[in-house]
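J.: Below is the structure I would like to discuss, written out as structure tokens.
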Amino acid sequence: MQGIACSVQRTVWPCQGPGAILSHLDCRLEAIVKFALTASLIFALCFTWLAAAPEEKSPKPQYDSKGNLLRPADYRDWMFLSAGYGMNYSPSPGSHEMFTNVFVQRWAYQEFLNSGKWPDETAFVIDERDAQSKGSINKTGHFQTDLTGLAVEVKDSRRNPDKWAYYGFDADGQTAEAMPKGNGCYACHDAHAAVEHTFVQFYPTLKPVAKKFGVYNEAREQVSDAK
């Protein structure tokens with residue numbers, strides 16, 4: 001009976017011997033570790049760079065080709081400073097009493113908290129709304145209703161020699177021209193505002209901040225008649 005020959009093939013490593021095989025594995029392991037360390041270093045550097053990058057200061061005042069201010073979008077999402085009802089800086093009565101809600105960009109608010117100063121391109125929006133007393137279950141007091149207009153104050157030294165400018169928007173207005181030099185709003189803020197051109201005396205969360213930085217004009221808080 002003829003025998004059956006069986007041949008066994010052996011796996012041959014590029015480097016013969018147990019020592020060579022271990023050396024080959026060590027080389028591969030070292031390469032993997034180097035790659036992992038390099039990737040970790042790159043990730044850490046990217047994270048540090050992102051953390052150090054200055055936060056985008058937005059929104060900022062936007063203008064059309066004629067230099068008119070565009071209506072601030074989403075201003076109701078800005079930092080709410082205060083609200084008034086029936087406020088009038090003149091002793092003579094106004095046409096009707098309304099609510100005024102004051103907003104400022106969150107990034108500008110944060111910078112004021114850190115320094116006591118309003119940065120360039122700060123914008124204040126006064127949201128003016130009608131008042132109503134009779135409605136639903138309300139029996140006393142007043143509540144806000146329809147928007148009647150916006151008053152906007154902007155600090156922009158690139159466009160305004162006097163830094164601050166004032167704009168008025170109708171309820172549906174999309175652009176507004178800066179009020180002419182010497183307007184009543186500028187004169188009133190210049191003469192009576194407690195911090196720069198802003199009525200911080202009416203913003204209870206900012207008064208202590210302004211006082212801490214020594215920028216609060218105490219005299220502007222005293223009762224007086226606006227001229």
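The values are calculated or read from the model by the stated rules, or taken from the named source; none is laboratory data. The model shown is predicted, which means the values in this text are computed figures rather than measured ones. Reconstructed Cβ throughout: ideal geometry from the backbone, glycine too, with neighbour counts over all protein chains shown.
J.: Tell me which residues, restricted to segment 157-174, are out of contact with any Asp or Glu (no Cβ under 6 Å at 6 or more places or on another chain) and part of a loop (DSSP other than H, G, I, E, B).
T.: Once the filter is applied, which keeps residues that are out of contact with any Asp or Glu (no Cβ under 6 Å at 6 or more places or on another chain) and part of a loop (DSSP other than H, G, I, E, B), segment 157-174 yields Arg158, Arg159, Asn160, Pro161, Asp162, Lys163, Ala171, Asp172, Gly173, Gln174.
J.: I'd like to verify a number: residues in segment 160-173 that are surrounded by 15 or more Cβ atoms within 10 Å (Cβ to Cβ) and modelled with pLDDT of 95 or more, how many?
T.: Within segment 160-173, the first condition is being surrounded by 15 or more Cβ atoms within 10 Å (Cβ to Cβ), and the residues that meet it are 160, 163-169.
From what is left, the residues that are modelled with pLDDT of 95 or more are 163-169.
The total comes to 7.
J.: Now a separate question. Residue check: is Phe80 surrounded by fewer than 20 Cβ atoms within 10 Å (Cβ to Cβ), part of a strand (DSSP E or B), assigned by TED's automatic domain parsing to the domain that holds Thr145 and not polar (S, T, N, Q)? Show your work before the answer.
T.: Working: surrounded by fewer than 20 Cβ atoms within 10 Å (Cβ to Cβ): yes; part of a strand (DSSP E or B): yes; assigned by TED's automatic domain parsing to the domain that holds Thr145: yes; not polar (S, T, N, Q): yes.
Criteria met by Phe80.
J.: Given the structure, is Glu128 charged (D, E, K, R) and over 16 Å from the mean Cα position of the chain (by Cα)?
T.: Working: charged (D, E, K, R): yes; over 16 Å from the mean Cα position of the chain (by Cα): yes.
Yes, satisfied.
J.: Tell me, which residue of segment 98-122 that is in contact (Cβ under 8 Å) with a residue 60 or more places away in the chain and not in a helix (DSSP H, G or I) is farthest from Lys60 (Cα to Cα)?
T.: The extreme case among them is Gly116.
J.: Find the residue count for segment 179-227, including only residues that are of a type in the set (Lys, Arg) and either within 24 Å of Gly67 (Cα to Cα) or surrounded by 12 or more Cβ atoms within 10 Å (Cβ to Cβ) (or both).
T.: Residues of segment 179-227 of a type in the set (Lys, Arg): 181, 207, 211-212, 220, 227.
Filter again for either within 24 Å of Gly67 (Cα to Cα) or surrounded by 12 or more Cβ atoms within 10 Å (Cβ to Cβ) (or both), leaving 181, 207, 211, 220.
Final tally of qualifying residues: 4.
J.: I'd like the full set of residues that are assigned to a strand (DSSP E or B) and free of Cβ contacts under 8 Å to residues at least 12 places away in the same chain, limited to segment 176-191. Quick ask: steps written out before the conclusion?
T.: Here is the first cut: in segment 176-191, the ones assigned to a strand (DSSP E or B) are 176.
If the condition is that a residue be assigned to a strand (DSSP E or B) and free of Cβ contacts under 8 Å to residues at least 12 places away in the same chain, then no residue fits.
J.: Please determine, by comparing only the residues of segment 83-125 that are on the phi > 0 side of the Ramachandran plot and either over 26 Å from the mean Cα position of the chain (by Cα) or not acidic (Asp, Glu) (or both), which one is surrounded by the fewest Cβ atoms within 10 Å (Cβ to Cβ). Don't jump to the end; show me each part of the working.
T.: Residues of segment 83-125 on the phi > 0 side of the Ramachandran plot: 86, 116, 121.
Still in the list and also either over 26 Å from the mean Cα position of the chain (by Cα) or not acidic (Asp, Glu) (or both): 86, 116.
Numbers: Gly86: 13, Gly116: 19.
Applying the filter and picking the extreme gives Gly86.
J.: So, in segment 192-227, how many residues would count as being among the small types (Gly, Ala, Ser), free of Cβ contacts under 8 Å to residues at least 60 places away in the same chain and not in a helix (DSSP H, G or I)? Show your work before the answer.
T.: Initially, segment 192-227 is screened for residues among the small types (Gly, Ala, Ser), giving 193-194, 210, 214, 219, 224, 226.
Then drop every residue that is not free of Cβ contacts under 8 Å to residues at least 60 places away in the same chain, which leaves 193-194, 219, 224.
This time we only want the ones that are not in a helix (DSSP H, G or I), so: 193-194, 224.
The number of residues fulfilling the criteria is 3.
J.: Does Ser58 satisfy the criteria of being out of contact with any strand residue (DSSP E or B) (no Cβ under 7 Å at 6 or more places or on another chain) and over 22 Å from Gln201 (Cα atoms)?
T.: Details: out of contact with any strand residue (DSSP E or B) (no Cβ under 7 Å at 6 or more places or on another chain): yes; over 22 Å from Gln201 (Cα atoms): yes.
Yes.
J.: Now for a different question. So Ala73 passes all but one of these: (1) in the same structural domain as Thr198 (by TED's automatic domain parsing); (2) at pLDDT below 95; (3) within 18 Å of the chain's Cα centre (by Cα); (4) over 21 Å from Gln144 (Cα atoms). Which condition number does it fail?
T.: (4)
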